[in-house]
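The values are calculated or read from the model by the stated rules, or taken from the named source; none is laboratory data. Everything numeric here is computed off the predicted structure, so don't read it as measured data. No Cβ is skipped: glycine too gets one built from the backbone with ideal geometry, and neighbour counts run over all protein chains shown.
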Amino acid sequence: MGAGKVLGAIVGLAVGLLIGHPLAIVLLAVLGGFVGHRHDEQHSQFTETSDVLTDFLPPAPRTVDEGRPEDGNHEAPVDELTRDLCALFIEVAHADGDVRREEVREVRLYFESVLGYGPESLQLVRGHLKEFLHRPPDLDAAAQSCGAQLSHADRHRLLDALFEVALVDGALQRSEREALRRAARGLDLSEEDEQAIAAQHLGEGDDHYAVLGLTPEATDAEVKRAFRQLAAEHHPDKASHAGRRAAEQASRRFQEVRDAYEEIRRLRGL
């Protein structure tokens, strides 16, 4: 329970006691607790946002004796593209829950290292990120807008950076994989492009694909179809009438197929 909620309830209770009516005591205590709870929520949200964006705080200005600040790229970027990129990054970072500081750090690295944004431009990025932390954007619209403004190579680099953001806080979750798929579609990248980038970050798992009679270039639909066919073909129930040895072989093969499929699902976030 937050401190504001407790304090609010105490103040409401005290006022109710001064009035002396039992109903007033209860109502004012509840009202005070509610007001205090709202204060706790607002204060917590502000603190969380501030902590997340710590890496975007402007550097302290240098004194004359320390020399001029490093120049960097001070040209203001195209604001529409910057805003769309921020929306896309926030939606991917938010796919598995709260946006974390390490994810925002990866976002800054993209703008700073890939796009060459300097201190002033990075503050523009910070403003857009703060906006979207409070008001979630439309991932599909942002991805389509970025796709219309970027070259194929830049779209490829952007999806690579989005994978970095999704993976920086741990294993890829299914919700994150779906967000990355939507981003790839909006960026007008082929499924082959998407799988190639995914393989760089997740590994190819050639042996697992071979068990299903596939290669890493197989589409998600092909993977699911191959698994269903092989699982049906080697299900232990189908070999139960052929004796114990056949049933054991079918069971081992069935388990091998299932293990391979589960590993591919993990790699792809299916």
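Only one of the listed residues (A231, A143) is closer than 21 Å to V99 by Cβ, free of Cβ contacts under 8 Å to residues at least 60 places away in the same chain and aliphatic (A, V, I, L, M). That residue is A143.
On the basis of being touching a Pro at 6+ places or on another chain (Cβ under 7 Å), surrounded by fewer than 20 Cβ atoms within 10 Å (Cβ to Cβ) and not in a loop (DSSP other than H, G, I, E, B), does A199 make the cut? Criteria met by A199. For the residues R225, R182, the requirement of being in a helix (DSSP H, G or I), under 24 Å from the mean Cα position of the chain (by Cα) and not hydrophobic (A, V, I, L, M, F, W, C) singles out R182. Would you check if A250 is surrounded by 16 or more Cβ atoms within 10 Å (Cβ to Cβ) and either more than 30 Å from R100 (Cα to Cα) or at pLDDT 75 or above (or both)? The answer is yes for A250.
For region 84-134, enumerate the residues that are surrounded by fewer than 18 Cβ atoms within 10 Å (Cβ to Cβ) and among the polar types (S, T, N, Q). Passing the criteria: S113, Q123. A single entry from R174, R185 fulfils the requirement of being surrounded by fewer than 16 Cβ atoms within 10 Å (Cβ to Cβ), at pLDDT below 95 and not small (G, A, S): R174. Assess whether E178 counts as being within 24 Å of A148 (Cβ to Cβ) and out of contact with any helix residue (DSSP H, G or I) (no Cβ under 9 Å at 6 or more places or on another chain). Taking the combined requirement at face value, the residue satisfies it.
Screening L270 against (1) part of a helix (DSSP H, G or I); (2) modelled with pLDDT under 80 leaves a single unmet condition, (1).
Among the residues of region 224-233, not a single one is modelled with pLDDT under 75 and either crowded, with 16+ Cβ neighbours inside 10 Å or out of contact with any Gly (no Cβ under 6 Å at 6 or more places or on another chain) (or both).
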